[in-house]
Amino acid sequence: MFKYFRLVSIMVMVVVTVFLLVLPLVLPPLPPPPLLLLLVPVLIMAALVFLAFSPQKYQVI
């Protein structure tokens, strides 16, 4: 079972890698996304940093 799972996962990674290498060559270039959409990852990262450094409300046992 473990050997089969390992083989399947390697095949999935190879197929995804081939798609990532071939699709940009085949597809036409896309226009850039709106500015507000570009700020979404920055806002998510800011929220995660804020949550990481905010004090805990409850004592951890």
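Every read-out reported here was derived from the displayed coordinates using simple, explicitly stated rules and does not represent laboratory data. Computed from a predicted model, the values in this text were never measured in an experiment. Cβ atoms come from the backbone with ideal geometry, glycine included; neighbour counts cover every protein chain shown.
Which angle between 0 and 90 degrees, to the nearest 10, do you get for helix 40-53 versus the longest principal axis of the chain when only C-alpha atoms count?
So the helix axis and the longest Cα principal axis differ by about 40 degrees.
Enter the angle in degrees (range 0 to 90, nearest 10) between the Cα long axis of helix 2-26 and the first principal axis of the Cα atoms of the chain, meaning the one along which they spread out most.
Value to nearest ten degrees: 80.
Which of the peptides 52-59, 30-37, 13-20 is most tightly packed, and how do the rest follow, judged by the mean count of other Cβ atoms within 10 Å per residue? Don't jump to the answer; show the numbers that get you there.
On the way: 52-59: 5.9, 30-37: 7.5, 13-20: 10.0.
Output ranking for 52-59, 30-37, 13-20: 13-20, 30-37, 52-59.
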